[in-house]
1. Using a 1.4 Å probe on the protein chains only, how many percent of the accessible area of segment 330-392 belongs to carbon and sulfur?
2. Of the listed peptides 374-380, 114-120, what is their order by residue-averaged count of other C-beta atoms within 10 Å, with the highest listed first?
3. Of K285/K347; K168/K345; K301/K324; K86/K361; K226/K347, which sit over 24 Å apart, Cα to Cα?
4. Using R₀ = 25 Å, calculate the FRET efficiency as 1/(1 + (r/R₀)^6) where r is the Cβ-Cβ separation of S283 and M202; round to 0.05.
5. Of the peptides 277-284, 384-391, how do they stack up when ordered by the mean number of other Cβ atoms within 10 Å, highest first?
6. Quickly rank 154-166, 178-190 as a protection proxy: mean count of other C-beta atoms within 10 Å, highest first.
7. Count the net charge of all other residues whose Cβ sits under 11 Å from the Cβ of E133, scoring Lys and Arg as +1 and Asp and Glu as -1.
8. Can you give me the % of accessible surface on segment 85-180 that is carbon or sulfur? Probe 1.4 Å, all protein chains present, nothing else counted.
Amino acid sequence: MIHECHLVEFYTFLLLLASVLIVYFSFALLVSDRTNRHFSSFRMDPQHECRKRMTWAAAIVILLLEYYRSSSVRILRMTSNFVGDKWVVDMYSGHPIRFNNIFRMTVQIFMDLLQELSLNHGLQGSSRTTIREVLAITLYILSQNESIRGAMERFQHSSETILRYFSKGIQTIVSLAVKIVRPEDPSFVNTPGQITTNPRYMPYFNDCISAIDGTHVDARLPSHNKVTYIGRSGSATQNIMTIRDFNMCFTYVMAGWEGSAHDSRIFSYAIRNRSQGFPHPPSEKYYLVDVVYPMQRGYLKPYLDTRYNISDFERASGTIRGRKMFNKRHSSLQRVIERTFEVWKKKWVILRDMPTYPFQKQVHIVVATMTLHNFIRRHLSRSNTDFSMVDNDELNVYEKQSKLLIGHSVPENDNDCNEFEVHARRV
């Protein structure tokens, strides 16, 4: 690598020297011709004029030689023999936990993802960079939130190369989203197993298919565009509406909205515009939604002016019946699905502190990480530490912040202990 760099610099020096000499002698001949034409009576001695030209030529050559000498002794930065693809191969053959800690997936899932992207979504490398290294660069930055300089050192490439292949990797993963970020059962014929096997939800929520909710991800924007993206948190974010199933997978995503945008506004835009591809619930089926969403057929929200969070019920005393019972089970079922956000944000560290990429690229990063999330979860091996930890520990869930009492409604009727069932069936 070092010898090749010196050879390139030497050829560059020769080309520069030849160009300067050609320009100099052309200019000298032009001046000489004009001098002979207009000042022939004061013409300089030919030998003296030749010596003068040679002196100038020698000075130029000396300067070019000095430039070449100073540039040829520069210390190259990317000189490590443990370059990118060699490091990826070493990770392949190393301990499985080591590979999973860096790329957030097993070797088998990595290889299957690489095959899918290269065969069906146009992932390409170059003569010096393999497609395996391109995917590794992309996953390394997404999972570790590594800076471009850090990735340069890790893979021994220039910043231009790292940025180019990171962008290509994101684009190919986003193209996979059309195939991955969608319901596994588009007709919603079967009731999710998490409902049928749990007496708290069956038969009251047997027609529930998924849940709709939003989340915010850190955003980086110029000062003149930042104001509209500042939401309740006080910092700039992008508001993302998603649909998540009971398998902790994303089945729909709408990203890129301003952090100040209300969830109901995003929801209304999604369901009213066919171009957005929103998966409307079939007849007699419904989504679980939060209190901020409008009440309409196909979307089941909790009762207003009633306890909702599980923590509120744990602190309360007395018998829970009627609307309180409905809200408690609605909240409990929502928490089963809320774990999706927890795993997603834990796995892809870049979501916690988004770098200063162009905003459209930040939106693509959100979609790409959701696509990777689904690909890992739906892989036949079903082998991933982050998902396994949540599956085995129902207390390890994503906590929502909401008030004890939400909105206003008519007083509840505690005498009707089956009211939550009636409410669910009306939707």
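The values are calculated or read from the model by the stated rules, or taken from the named source; none is laboratory data. This structure is a prediction, so every number in the text was calculated from the model and none was measured. Note that we place each Cβ from the backbone using ideal geometry, even for glycine, and neighbour counts take in every protein chain shown. Surface areas here come from the heavy atoms of the whole protein model, side chains and all, with no ligands, DNA or RNA. Shrake-Rupley method; radii C 1.70, N 1.55, O 1.52, S 1.80 Å.
1. Working: 1210 of 2120 Å².
It is 57 percent, rounded to a whole number.
2. On the way: 374-380: 18.0, 114-120: 15.1.
Top to bottom by mean Cβ count within 10 Å: 374-380, 114-120.
3. Values: K285/K347 32 Å; K168/K345 22 Å; K301/K324 13 Å; K86/K361 29 Å; K226/K347 27 Å.
Long pairs (Cα-Cα over 24 Å): K285/K347; K86/K361; K226/K347.
4. After rounding, the FRET efficiency stands at 0.75.
5. Working: 277-284: 13.2, 384-391: 16.1.
Answer by packing, highest mean first, reads 384-391, 277-284.
6. On the way: 154-166: 18.8, 178-190: 13.2.
In descending order of packing, they fall as 154-166, 178-190.
7. Charge balance near E133 sits at +3.
8. On the way: 2260 of 4340 Å².
Using a 1.4 Å probe with all protein chains present, segment 85-180 comes out at 52 percent carbon and sulfur.
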